[in-house]
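Comments concern the structure below.
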């Protein structure tokens, strides 16, 4: 099963141009899918061919890429339905579709376009959703992602993440870049360029800022950069190393690892770098902190037991609890948004793999085979995990569903890509 | 393949009209904590380093830049998952400690490094543990704590870009940098 989205990739490469610089575009290939994908027909929208960039193709690509849907060919059906009431469910049932998406794109006198769609349940013969948007052509991509989000939520019960953004770091020669792109890899924008390494990009919960580590001062320093203005501030630039930033769920605080008082220790500070306080004291390595969704605890990596393992610190009581016991190397914990478990990196023999662990049962589910999988980042709906791996000495990004069934590869030609960070839900 | 080629052609064709509205070039280097900045602010170290080390009496020549001098050696290598300074590096560290004791304006940054395996963030902490180990040895030898800053590059600056044990052995290290170098 190896369906590459050729047409989309070419369209994206061509159409990203007028709005942004064309960079090493990430394209997504599905390398393994769910056995129970929902068969859905996305019928080309009425009037769509009048525009260089249609909407239905992007909607279909989004749904297919999620691994939760299987596209049913729609082009042979004549006449082509564009409204829910025109959908003859028998025809679509006969083609194997459980759901049908129809729509239209109608130019308005002011240059904007009326985009509307309906989602029809071909089994129950009912309309599940019908919405319209009045948008400029430059917003077609964003509108398509919104429509895909609605369809995904109606049919799976989970919120869609097609309208979110991702951040990642590329290395080309001695040049490092921090980029932000749409979740499908489209429209990459460079936000930092440096001749020294960049690391650990982390989205603020409202999606307006990114914290990251830069080595431009010949040592790790934590910055927070505003995405709208490009302005930035060194929020942790103490003597020694400053690394591993993580936002609190309310966006007001950052957890960081500092060595200013000796050793790699955990601190929490306000997001502007003020009010630095040490949250724990140990004579071991403590790093890679992430706040739990309730903001009350940190998951982090410590070697206090002799090997790196994942621990939980209750910020209120100061109580520390070891969470991983299986194996001699368990690191990079990221709490799942449902509060029931976490994603982490484990070493099995010499292979580094992405896994999940449940807090209550301590059951570990290994999601990837390795050998060099690292830096996991969880989609805001908790369903997909973006991570870095290395193939032939070159870093690429990949994604796996949190149940391990769906696997994707994000490929950027001729660039070493690492350190992915999935952004929060877009603000309504 | 066709996809990549077409995308590459499109990218090449369009490269001429790049716009990067949100780019923030890295140029506002902060001086705080940067040993090279500290050296610029203080007295120049080159030219004043006239004290002999290990029998060297060449007043004009900087022993740190003499390939025949032990002070020219700047790297201490570590075993896998280890922070112990091997005995073979003790003369090297002692020589730098002596130099620092004799040259009051000299400051050093010890840069710790790890090999590429495992978490990038955890590897920063591993590199830090190595640079801290070298610093501890230096301070035991009488070097003032304040003139040694320990930092870590984690796995980000390998000396050898290879992906085998021989390369990794070169990358698990601490490099000594004098302020102003």
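Some notes on this structure:
- Antiparallel %, DSSP beta bridges [both residues in the range A:35-158], to 5: 70 percent
- With R₀ set to 22 Å, the beta-carbon distance separating residue B:73 from residue B:104 gives a calculated FRET efficiency near 0.45.
- Tilt relative to chain A, helix A:56-65 - C-alpha long axis, 0 to 90 degrees, to 10: 50 degrees
- Between the range B:113-136 and the range A:288-350, the alpha-carbon center distance in angstrom: 19 Å
- Separation in nanometres of the label points that stand 7 Å from Cα toward Cβ, at residue A:340 and residue A:317: 2.4 nm
- Zone of residue A:427's modelled label, taken as backbone nitrogen in the range A:206-241 under 15 Å from a point 7 Å along Cα→Cβ: A:206-210, A:226-230
- Whole-number percent relative contact order across the range A:149-242, with pairs defined as alpha carbons under 8 Å at least 6 apart: 15 percent
- Extension gain for residue A:270-residue A:226 works out to 14.3 nm (0.36 nm per residue, less the C-alpha to C-alpha distance).
- For the range B:127-146, the residues whose amide N sits under 12 Å from a probe point set 7 Å from the Cα of residue A:239 along the beta carbon direction are B:144-146.
- Distance distribution P(r), chain A, all Cα-Cα pairs, bin width 10 angstrom from 0: 4, 21, 30, 24, 14, 6, 1, 0 percent.
- Centre-to-centre separation between the Cα atoms of the range A:364-428 and those of the range A:183-256: 19 Å.
- Rough spin-label spacing in nm, given labels placed 7 Å along Cα→Cβ, for residue B:84 and residue A:294: 4.4 nm
- With the simple model of a label 7 Å out from the Cα in the direction of the Cβ, residue A:206 to residue A:282 spans 3.4 nm.
- The relative contact order of chain A comes to 12 percent, based on Cα pairs under 8 Å that sit 6 or more residues apart.
- DSSP beta bridges in the range B:62-181 [antiparallel fraction, %, rounded to 5]: 55 percent
- Here residue A:250 and residue A:114 are evaluated by their C-beta separation; at R0 = 45 Å the FRET efficiency comes out at 0.70.
- Overall shape: oblate for the range A:332-402, with the ratio a/c of the largest to smallest alpha carbon gyration tensor axis at 1.5 or above and b/c at least equal to a/b.
- Once the C-beta distance of residue B:139 and residue A:156 is scaled by a Förster radius of 51 Å, the resulting FRET efficiency is 0.30 to the nearest 0.05.
- On Cα atoms only, tilt of A:6-15 relative to the major axis of chain A in degrees: 80 degrees
- Pairs of Cα atoms nearer than 8 Å and 6+ residues apart set the relative contact order; for the range A:34-156 it is 26 percent.
- Estimated at 0.36 nm per residue, the fully extended path between residue A:348 and residue A:174 surpasses their Cα-Cα distance by 59.5 nm.
- Stretch gain in nm, segment residue A:88-residue A:50, where the contour uses 0.36 nm per residue and the Cα spacing is subtracted: 11.1 nm
- Between A:333, A:319, A:398, the residue with the greatest mean-square fluctuation in the GNM of chain A (Cα pairs under 10 Å linked by springs) is A:319.
- Gaussian network model of chain A, Cα within-10 Å springs - most flexible of A:248, A:332, A:282: A:282
- Of A:425, B:122, the sequence from fewest to most neighbouring Cβ atoms within 10 angstrom is A:425, B:122.
- Surface/4 of the Cα convex hull for the range A:121-230, nm²: 9.5 nm²
- To the nearest ten degrees, helix A:140-156 and the longest principal axis of the Cα atoms of chain A are 90 degrees apart.
Values in this text are rule-based calculations from the coordinates and carry no lab data. Everything quoted here is computed from the prediction, not taken from an experiment. For neighbour counting, all protein chains shown are included, and Cβ atoms are generated from backbone atoms with ideal geometry for every residue, glycine included.
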